[in-house]
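Worksheet: one structure, shown below.
The values are calculated or read from the model by the stated rules, or taken from the named source; none is laboratory data. None of these values were measured; they are calculated from a predicted model. When we count neighbours, we look across all protein chains shown, and the Cβ atoms used for this are built from the backbone with ideal geometry, even at glycine. Just so you know, the surface numbers come from the protein's heavy atoms only, side chains and all, with ligands and any DNA or RNA stripped out. Shrake-Rupley method; radii C 1.70, N 1.55, O 1.52, S 1.80 Å.
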Amino acid sequence: MSADPTAAEIVLFNGVVADPAFRETLDKAIAIKQGRILAVGGDDAILRLAGTDTEKIDLDDRLVVPGFIDTHIHFYEWSLKRQDLPLDGLTCLEDLLTQMRRAAHRRPSGQWIMGQGWNETDWTVPRQPDRDVLDHVVPDHPVLLWRCDLHLAVANSAALALAGIDDATPDPPEGRIERDATGRPTGILRELAINLVRRVVAPPTDTDVRAAYGEAARALHRRGITGIHDVRLMADEDGARAFRAFQTLDHEDRLDLRSWVTLPGHRLDDIIDLGLRTGFGNPRLRVGHVKFFSDGGMGARTAWMVDSFLDAGRGMPMVDMAELARSVARADRAGLAVMIHAVGDRANRGLIDLFEALEADRRRTGGPRPAVPHRIEHVQMIRPEDAERLGQLPLALCLTPANLLLDMNLIDTAVGEKGRWAYDFRRLMDTGAPVMFSSDCPVCDPAPLLGMHAAVTRRRTDGSPEAGWHPASRVTVREALAAYTATPAAVHRTPDVGAVAPGKRADLAVLSGNILGKPTPWLPDVTVDMTVFDGRIVHRNF
Ligand SMILES: [Zn+2]
């Protein structure tokens, strides 16, 4: 214990402190005590708050910003996937087989070997692995290895046998079991055929999940993240396991991320019956939104579009929109906020229609609102006339800027010049609707600095295209920073996070470069040098 009970526990000094409006200020130092920011000010004033036991850290001109909040991350899936063998960066098939041989040595026979990330187009000889080459080195362990695009995987004979896949097994809907000239499966599985194997893999135990969460949380801390909105994507059994792990870690005081946990839309009846409401919980763990879908994605051409794709049809809604409207109305009346996935411009128009009707109804009936606003996820492509209507609605928008870096070429091919209405951050922010940023991880790396870079420059990290992709849709660094911090805090009615100010919770990120100064540094070169969660240093690299 500190000799002086009024002294700060941690003092950060000789830095640059962003104020709540993300202007550069003259404040250089912060005092932290009992999980909160005690004071912000000049070095002399703040250092006077230090006692003999205070940890004093010289920031050496680093910038202090609020801890980042990733408002759309598939935390459960990412956490578990990180436990797989990483197979990216290999140079040839022989490399992959060496990894397999080692993995087999480390575990008893019969235990699964899962891996992901191999990409034969990067190899000296671009030959995909098949069951026979895997069997040769790993005959006694079932093996399932995802290609980097996750649309294809290879299994060995042990895995195929456990899944009951043989010459007579028909292709499942939306999946393909590749076969050789004699009709024998080669081990290569495409799309939903991968699930035939995945569903026989022993599910993780609760202990496995908690361990995976712990490691994933540390990986997020290294990126400056202190809060997440975990989006439920998975089957019911996984969903329960995911939520249980959050709750157990919270009870054990080991949940080092402020977490909003989404609930699955297809369980709306149960959620209402139980009386759960969005916002229930404590400052670390809360019940979040109920998740629904309206359409698919651009890559598969399943996004629902106003005009046809240049190389495909218009896509279509994934659900009956009238049915979706009824579900949203029921959730709304029960105090549950919803988040709805919408990628195509027609899907976004459909949701705006839906929410306008919901608000018109509310004006007639005078019903209360859920504790936090409903959200549209992605808003990937939207017509200007529809975006204009957003300003009149009490909605929040959740966008995924880093995804733009992966999608530029795809969108050019899919819709041509109309791509200027895709990832239209500028227009969406100008509507006045609150815009939050996210990673949709594992779709993109969860680094907020990468998302900010995408939103601010609309260039890949290698600098291309030099003029920026549809550069009129750029936003400023301050706006991008707010979308990862202050805006999600305001939208989710948690005013004690999202700013560096006295009385706020001490959730902070310390950046190597002053991204609020002029000129703006190249954001991919900026590192997160320290992260503070709830007044504790959870990451530090200097
Ligand atoms: Zn997602």
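Quick notes on this one:
- Spin-label proximity, A300 to segment 377-397 - amide N less than 20 Å from point 7 Å beyond Cα toward beta carbon: 377-381
- Mean shadow area of segment 167-290, taken as a quarter of the surface of its Cα convex hull (nm²): 10.3
- Gyration tensor verdict on segment 397-465 (Cα atoms; rounded if a/c is under 1.5, prolate if a/b is larger than b/c, oblate otherwise): oblate
- Beta bridges assigned by DSSP with both partners in the chain are antiparallel in approximately 45 percent of cases.
- FRET efficiency for the pair Q111 and R190, taken as 1/(1 + (r/R0)^6) with r the Cβ-Cβ distance and R0 = 25 Å, rounds to 0.45.
- When Rg and the Kirkwood radius Rh are both evaluated on Cα atoms of segment 394-542, their ratio Rg/Rh stands at 0.98.
- The modelled label-to-label distance for the pair D166/A322, using points 7 Å beyond Cα in the direction of Cβ, is 4.9 nm.
- Listed peptides 526-534, 16-24, 82-90 by packing density, highest first (mean Cβ within 10 Å): 526-534, 16-24, 82-90
- For segment 84-166, the solvent-accessible area works out to 47 Å² per residue, with a probe of 1.4 Å and every protein chain left in place.
- Packing-based ranking of 448-456, 121-129, 171-179, 489-497 yields 448-456, 489-497, 171-179, 121-129, ordered from highest to lowest mean Cβ neighbour count within 10 Å.
- Label-zone membership for segment 387-428, site D353, 7 angstrom Cα→C-beta point, backbone N under 18 Å: 387-390, 393
- A DSSP coil position with no more than 15 other Cβ atoms inside 10 Å describes none of the trypsin sites (Lys or Arg not before Pro) in segment 327-370.
- For a straight C-alpha distance cut-off of 28 angstrom, the lysines reachable from K518 (same-chain residues fewer than eight places away being disregarded) are K28, K504.
- Gap separating the Cα centres of segment 46-74 and segment 139-216, nearest whole Å: 45
- When the GluC sites (Glu not before Pro) in segment 214-281 are filtered for DSSP coil states and for at most 13 other beta-carbon atoms within 10 Å of their beta-carbon, the remaining sites are E252.
- Shape metrics for the chain, restricted to C-alpha atoms - Rg then Dmax, Å: 24.6, 81
- Computed from backbone phi with θ = phi - 60° and the Karplus coefficients 6.51, -1.76 and 1.60, the 3J(HN,Hα) list for segment 108-115 is x, 5, x, 7, 5, 10, 10, x Hz; x is used for glycine and proline.
- Of the chymotrypsin sites (Phe, Trp or Tyr not before Pro) in segment 240-338, the ones in a loop by DSSP (not H, G, I, E or B) with at most 15 other beta carbons within 10 Å are F280.
- Per residue solvent-accessible surface (Å²) - segment 275-372, probe of 1.4 Å: 43
- Karplus-derived HN-Hα couplings along segment 450-460 (A = 6.51, B = -1.76, C = 1.60, θ = phi - 60°), whole Hz, x at Gly and Pro: 5, x, 4, 4, 4, 6, 7, 10, 6, 10, 5
- For the chain, the mean residue ellipticity at 222 nm estimated from helices alone is -9000 deg cm²/dmol, where every DSSP H run of n ≥ 4 contributes -39500 (n - 2.57) and the total is divided by all residues, rounded to the nearest 500.
- Computed over the chain, relative contact order equals 17 percent, with contacts defined as Cα pairs under 8 Å that lie 6+ residues apart.
- Amide H contacts of R179 (H built 1.01 Å from N, in plane; Pro and chain starts excluded): T186 sit under 5 Å, all sequence-distant by 5 or more or on other chains.
- Pair-distance distribution of segment 243-335: all C-alpha pairs, bin width 10 Å, starting at 0; shares per bin in whole percent are 14, 33, 26, 20, 7, 0.
- Cα gyration tensor, segment 22-63 - rounded (a/c under 1.5), prolate or oblate: prolate
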